[in-house]
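The values are calculated or read from the model by the stated rules, or taken from the named source; none is laboratory data. As the structure is a computational prediction, the values presented were derived from the model and not from experiment. Neighbour counts run over all protein chains shown; Cβ positions are idealised from the backbone, glycine included.
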Amino acid sequence: MAHTSEQVRNVALVGHGHAGKTALLDAIAFHLKLSSRLGSTADGTSLSDIDAEEKERRQTLSAHLFQLPIGDTVCNVFDTPGHPDFLGEVLAAMDAVETALFVVNAANPVTFHLRHLWKRAGDLGIGRAIAITHLDQDNTDFEAVVEELRTAFGHAVVPASYPNATGAAFKSVHDVTHREGPKAEQYHDMIEEDEAEVDDTLMEHYLETGHLDEHEFEENLRRAVARGNLVPVFAVCPNRGLGLEQLLEFISHHFPSPVCFGARPAGEPGSGAYGQLVEPDDGPFVAKVCRVVSDPYVGRLSVLRCLRGKLSKDQNVVDVRTGQSHKVAHLYAVHGKDTKEIGEVVAGDLFAVGKIEDFLLGDTLTDGTRLELPRVAFPVPTYSRHIWPKARGDEQKIGHAVEKIGIEDPTFLHDRDKETGEFLVTGMSPLHLDVHFQRLNRKHHVAVEHGPPTIPYRETITARADGHHRHKKQSGGRGQFAEVYLRVAPKQHGEGFEFVDSVVGGSIPRQFIPEVEKGVRKFLTRGSLAGFPVVDVQAEVYDGKYHDVDSDQISFQLAGERAFLDGFSKARPILLEPVMDVEIHVPERFTGDVAGNLSGARGRLAGMEVHEGVQMIKAHVPLASMLEYSTQLRSITAGEGTYTMQFAHYEPVPPHLQAEIVKNRKAVVDQHHGEHR
């Protein structure tokens, strides 16, 4: 349908897993007669069960966009994953909408994940609303749920609809804006009180009269939602179709349109994500890429949000990141897995373009204007695996396929470790990576094996020692000869390697001293303890011997390397392990369990702080203990904990663990050599 920016509504369904987001979308589509039957996640018939992985696991794993005509408005709805491991999908969707509709389960409304999403929506400056599900279950209490939400998120949380009863007696829903039911006046007054805070003039009138007239009430609801003064709450029962009419009417009439945003600096309530950078008017075209899907048969499909101006098909756009101009041959409206070609988009529209391979998530597209919109701050993934192809000959395919997955998901990183040569992928958790491994196989026909990455240990010494080697080789004709004496000594952490030339009297000719250093440096790349790089040592060459005919560069390189090996072996070598700065966020009730687990993992607590019921724990933990930590934390906190980590420094490995690491490392090396004989 042809429409204006004022008629557009962009909404993201967000919240914890199993709250009923996808069920709500299916119920709305069925209610609007966009589907012939009520879809179900349980039997794989949901509109949002698009990918094979989602059907198999019976949960949403990607943000899917649907276009729903509601009255005279066009409502673009993102159904987003509820599992915290797929947070990147949710953040990208919230960045593209005016309103986040939080779907909460009446049995457990305020989860740790919900609090996090609530804060991120606030940081973006978008409107917020709440739909409460599962009110038909036994032992639910609508008023108690609302009170819990108000305690967590403030007095702006007020019912805009409410059930006649809960549990088995839940048969109908009352609309507060139409003053229906026995509690309508109470809730209506609460909405008016919050709504009056939209501006000083309205507040002044409210204080004078004690209420808002009907015109003021209707006119300012949308402004109140946009600015965060009002968070309307809706009672819904998707599987029975209850509360949908009231919710859809409020979305159509009172949810913010794109025109509501852009008048205030980014981050302020009602500013949207971009503040004064753009205004949704008829000025020069500006859009942002909010989702990218790579299909091996169809090619790349980029979903965009038009923030200003209009765009028609066959028009050129400039990708500000690359400076390249691209002709947009086709524009599409998106409805789940289906697309429909359209001729034009206006400010506020969510739409797609196909077969332009250069667009990346977060790119700004303009008519040539130099304007770059801020990118979403995605969580940093922490769970890494070393992967390799199951089938010989897939080595070339694997890199290309993994790159395509990474383009779609900013929380999926990949790189080849320069030190170990391992191809590493990093995601949010084992589940997150398992889903992507399935997609690699299904979409790109690359099956992978995986294992833990090699920990980048270092080797050093703790004592001084002398080293000596005499290299002599005679095989007919010219031979090889070099003899080197040197001393090794430890240096302070972080000081690196130092080579000292103390040779006097010409026992080693000047031209061969650099060759001794080359030999020593060669040893530094692979130490003798477990084959890891050697750090923070000094090598002082002080004596040696040479032969006028048989000495050459190679001889002194070999003698230098083996003399250093001799000294290194005598200087009490040790392993150093990487230690990480870890920051963990968990509900306060799990503090003791998490702290105890860290202690058992050789972690040291560095600080603790509580904010709004969320415990932040800082600790220094060896990387070896963090390889499977996402699984441990999920088990301890029932999936409600999150963490980030970054490299801090190296520390000595405890002696009993060092012996085990060296033994295991040598076994791996021996196996590797055996496979290549």
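In the set Ala624, Ala571, Ala601, which member is touching a Pro at 6+ places or on another chain (Cβ under 8 Å) and over 30 Å from His471 (Cβ atoms)?
Just a single option satisfies the conditions, and that option is Ala601.
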Screening Ala329, Ala333 for residues that are out of contact with any helix residue (DSSP H, G or I) (no Cβ under 7 Å at 6 or more places or on another chain) and exposed (fewer than 14 other Cβ atoms within 10 Å of the Cβ) leaves only Ala329
**Glu459 vs. criteria touching a residue at least 40 places away in the same chain (Cβ under 8 Å), surrounded by 14 or more Cβ atoms within 10 Å (Cβ to Cβ), more than 51 Å from the chain's Cα centre (by Cα) and in a strand (DSSP E or B)** = no
(1) aliphatic (A, V, I, L, M); (2) surrounded by fewer than 17 Cβ atoms within 10 Å (Cβ to Cβ); (3) closer than 30 Å to Thr80 by Cβ all hold for Ala131 apart from (2)
Being surrounded by fewer than 21 Cβ atoms within 10 Å (Cβ to Cβ) and either part of a strand (DSSP E or B) or small (Gly, Ala, Ser) (or both) is the requirement here; does His469 meet it? no
Filter region 475-507 for residues that are among the hydroxyl-bearing types (Ser, Thr, Tyr) and touching a residue at least 12 places away in the same chain (Cβ under 8 Å); the one that is farthest from Gly567 (Cα to Cα) is Ser507
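Report yes if Ala107 is out of contact with any Cys (no Cβ under 6 Å at 6 or more places or on another chain) and over 18 Å from Ala226 (Cβ atoms), otherwise no.
Spelling it out, Ala107 is indeed out of contact with any Cys (no Cβ under 6 Å at 6 or more places or on another chain) and over 18 Å from Ala226 (Cβ atoms).
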Of Thr41, Thr60, Thr45, the only residue that is polar (S, T, N, Q), assigned by TED's automatic domain parsing to the domain that holds Val233, free of Cβ contacts under 8 Å to residues at least 40 places away in the same chain and surrounded by fewer than 20 Cβ atoms within 10 Å (Cβ to Cβ) is Thr45
The strands (runs of 3 or more DSSP E) lying wholly within region 102-168 that contain at least 2 residues that are modelled with pLDDT of 95 or more and hydrophobic (A, V, I, L, M, F, W, C) are 127-133, 157-159
For Glu495, the lone unmet condition from (1) acidic (Asp, Glu); (2) part of a loop (DSSP other than H, G, I, E, B); (3) within 30 Å of Ala401 (Cβ to Cβ) is (3)
Those residues of region 498-551 which are on the phi < 0 side of the Ramachandran plot, surrounded by 15 or more Cβ atoms within 10 Å (Cβ to Cβ), part of a loop (DSSP other than H, G, I, E, B) and acidic (Asp, Glu) amount to Asp550
When every residue in region 416-454 that is touching a strand residue (DSSP E or B) at 6+ places or on another chain (Cβ under 6 Å) and surrounded by fewer than 14 Cβ atoms within 10 Å (Cβ to Cβ) is compared, the one nearest to Thr631 (Cα to Cα) is Gly451
Glu341: passes all of (1) in contact with a helix residue (DSSP H, G or I) (Cβ under 9 Å, 6 or more places away or on another chain); (2) more than 19 Å from Lys404 (Cα to Cα) but (1)
Exercise for the section: Could you please let me know if Leu207 is in a strand (DSSP E or B), over 25 Å from Thr133 (Cβ atoms) and at pLDDT below 95? Expected result: no
Whether any residue in region 183-191 is farther than 21 Å from Trp118 by Cα, under 39 Å from the mean Cα position of the chain (by Cα), crowded, with 18+ Cβ neighbours inside 10 Å and at pLDDT 90 or above is what I want to check. yes
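Yes or no, residue by residue, for (1) of a type in the set (A, V, I, L, M); (2) without any contact (Cβ under 8 Å) to a residue 24 or more places away in the chain; (3) within 19 Å of His64 (Cβ to Cβ):
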position	(1), (2), (3)
Gly283	no, no, no
Val303	yes, no, yes
Arg308	no, no, no
Val320	yes, no, no
Residue hits (region 308-325; touching a Leu at 6+ places or on another chain (Cβ under 8 Å), part of a strand (DSSP E or B) and not charged (D, E, K, R)) are Leu311, Ser312, Val317, Val318
When restricted to Glu612, Glu577, Glu640, the only residue of a type in the set (D, E, K, R) and surrounded by fewer than 19 Cβ atoms within 10 Å (Cβ to Cβ) is Glu612
**Asked** Would a scan of region 585-602 turn up a residue that is farther than 30 Å from Leu114 by Cβ and touching a helix residue (DSSP H, G or I) at 6+ places or on another chain (Cβ under 8 Å)?
**Response** yes
Across (1) over 26 Å from the mean Cα position of the chain (by Cα); (2) assigned to a loop (DSSP other than H, G, I, E, B); (3) at pLDDT below 70, Gly283 clears everything bar (3)
Cβ pairs under 8 Å, 6+ apart or interchain, first in region 584-597 and assigned by TED's automatic domain parsing to the domain that holds Met608 and farther than 21 Å from Pro381 by Cβ, second in a helix (DSSP H, G or I) and hydroxyl-bearing (Ser, Thr, Tyr), ordered by first then second residue, are Pro587/Thr637; Phe590/Thr637; Asp593/Thr637
- Task: Looking only at region 443-453, decide whether some residue is at pLDDT below 95 and assigned to a helix (DSSP H, G or I).
- Result: yes
Log entry, pairs with first residue in region 239-253 being over 10 Å from Ile70 (Cα atoms), second being of a type outside the set (A, V, I, L, M, F, W, C) and assigned to a helix (DSSP H, G or I), beta carbons closer than 7 Å, six or more apart or on different chains, reads Gly241/His31; Leu244/His31
